[in-house]
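Peer 1: Let me begin by handing over the structure; questions about it come next.
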Amino acid sequence: MATSRETRPAAVKVIRQPPGERGEQVLELVQREVELLQDLNFQTKRITQLFAWAHDPATKSIVLAMELCEDSLACWIARSWGADAAIPRPRLPDGSAAGPRWDERLRLCEETAAAVGDVHTAGVTHNDVKVDNVLLRPDPMPARPPTA
């Protein structure tokens, strides 16, 4: 198994390979994704960081250790708009429902667009950009990197 010197919290994903040829295809897909993530991690900090990965042929397991992002845009929207019944919906003084502030919405749109732009600049098309796949860091990146 691989080791990493990262001391930050990590999300660990274990992928079990199916038997036979399909298992080899899964391994090849994961290896391509790992190479892609390593390249993207070198080029931008807006993409979830891959800390380490390993393949254990004995257990037919692939393990990925990645940056832990505890929130997604989908969860943020649900909390902000009160779609989750367990979370009280924000209210304006007149009693009507309040959503997130416009500047907060715009910031998240800018950050998401910048991350997708970084991926496209690297020559990659994501093919599945949706609110469930947009992960939020507790310390968001600036919408635009500083210029020299």
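Peer 1: How long are the semi-axes of the equivalent ellipsoid of segment 9-68, defined as square roots of 5 times the Cα gyration tensor eigenvalues? Whole Å, largest first.
Peer 2: 23, 13, 7
Peer 1: Note down the net charge around SER61, summing +1 for each Lys or Arg and -1 for each Asp or Glu among other residues with Cβ under 11 Å from its Cβ.
Peer 2: +2
Peer 1: Could you name the aspartates and glutamates whose alpha carbon sits less than 19 Å from that of LYS45, not counting residues in the same chain fewer than 8 places away?
Peer 2: GLU6, GLU33, GLU35, GLU67, GLU70, ASP71, GLU110, GLU111, ASP118, ASP139
Peer 1: Would you mind pulling out the separation of the Cα centroids of segment 24-55 and segment 112-140, in Å?
Peer 2: Cα centroid to Cα centroid, the span is 14 Å.
Peer 1: With +1 on the Cβ of every Lys and Arg and -1 on the Cβ of every Asp and Glu, and nothing else charged, how large is the dipole of segment 9-68 about its Cα centre, in debye rounded to the nearest 20?
Peer 2: Values: 7 positive and 8 negative charges, 45 e Å.
For this selection, approximately 220 debye.
Peer 1: May I ask for the net charge around GLN17, where only other residues with Cβ less than 9 Å from the Cβ of GLN17 are counted and Lys, Arg are +1 while Asp, Glu are -1?
Peer 2: Taking every Cβ under 9 Å from that of GLN17, the sum is +2.
Peer 1: Here is a follow-up. Identify all lysines with a Cα-Cα distance to LYS60 below 25 Å; exclude those on the same chain that are fewer than 8 residues away in sequence.
Peer 2: Hits, sequence-local ones excluded: LYS13.
Peer 1: Also, I was wondering about something else. Net charge near THR121, counting Lys/Arg +1 and Asp/Glu -1 over other residues with Cβ under 12 Å of its Cβ? Before the final figure, lay out each step's value.
Peer 2: On the way: positive: ARG46; negative: ASP39, ASP118.
Charge balance in the 12 Å sphere: -1.
Laboratory data are not the source of any read-out in this text; all were calculated from the coordinates shown. Note that the structure is predicted; figures quoted are calculated from it, not measured. We place every Cβ from the backbone using ideal geometry, glycine too, and count neighbours over all the protein chains shown.
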